[in-house]
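Structure first, then comments.
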Amino acid sequence: MRISDDRYNRDRQRLDIAMHFIRHEARTHTIRQWTGLTDDRIRKLYRSYLQDGGFRLARHRGKSPQQAAFFLRSVRLRHEAGALAGLCCLVGVLERHQGRAGSAPLACVTRAAALCQAYDVYRAIVAAPGISFEHAVLLVNALARGSELALDDCHGCGALLVVDSLALRPARCVLCTGEDPRRVPACNNAHSARPAP
């Protein structure tokens, strides 16, 4: 009886997480990757619980965002990415010091629940957030890989920052550089988006 109870609880948790991902407008591929549910099961969940319940959510098609440089395009996005990454570290989605080779897979139900928790808090504390849930998944994956983005401390105040893994300049936060995130335009080149020391 205990084995069936455990299995029921695991299945229920996967369905709950899938619903949370759907509410955040995650793509089917992303939901499948983090929950292990089939595409057919995810589509049925969407139809039965959201469409039949009167809810209308966008169902994004195509590939998920893949450009990690997105988070370095502007001061505001760098600032928000640092805040979201800090929340992900607090709830256990990310480790402060990466280098995940040989560790458990990042995409799992336990981390999926923690990712939803971190993203919900991020949306609650940031007015007009610039990072979608799909971009939050990209951020977590990019930081876990460490080849494009990394976590670093501001050399001025010690704040947690998301930085270019190949950057040569010391990392500095918005407050230490004196940049105003509302006035700095977006930049297409990730390397030139790094704040000056």
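For region 31-45, check the following and say yes or no: at least one residue is in a loop (DSSP other than H, G, I, E, B), at pLDDT 90 or above, among the aliphatic types (A, V, I, L, M) and out of contact with any strand residue (DSSP E or B) (no Cβ under 6 Å at 6 or more places or on another chain). Among the residues of region 31-45, at least one is in a loop (DSSP other than H, G, I, E, B), at pLDDT 90 or above, among the aliphatic types (A, V, I, L, M) and out of contact with any strand residue (DSSP E or B) (no Cβ under 6 Å at 6 or more places or on another chain), which makes the answer yes. Residues that are over 19 Å from Lys63 (Cβ atoms), of a type in the set (Val, Ile, Thr) and without any contact (Cβ under 8 Å) to a residue 24 or more places away in the chain within region 1-50 comprise Ile3, Thr38, listed in sequence order.
Which of the residues that make up region 67-82 are small (Gly, Ala, Ser) and over 15 Å from Leu138 (Cα atoms)? The answer is Ser74, and nothing else. Annotation for region 105-119: no member residue is in the same structural domain as Leu84 (by TED's automatic domain parsing), under 19 Å from Val174 (Cα atoms) and buried (at least 19 other Cβ atoms within 10 Å of the Cβ).
The values are calculated or read from the model by the stated rules, or taken from the named source; none is laboratory data. Nothing here was measured: the structure is a model prediction, and the numbers come from that model. Cβ coordinates were reconstructed from backbone atoms using ideal geometry, including for glycine residues, and neighbour counts include every protein chain displayed.
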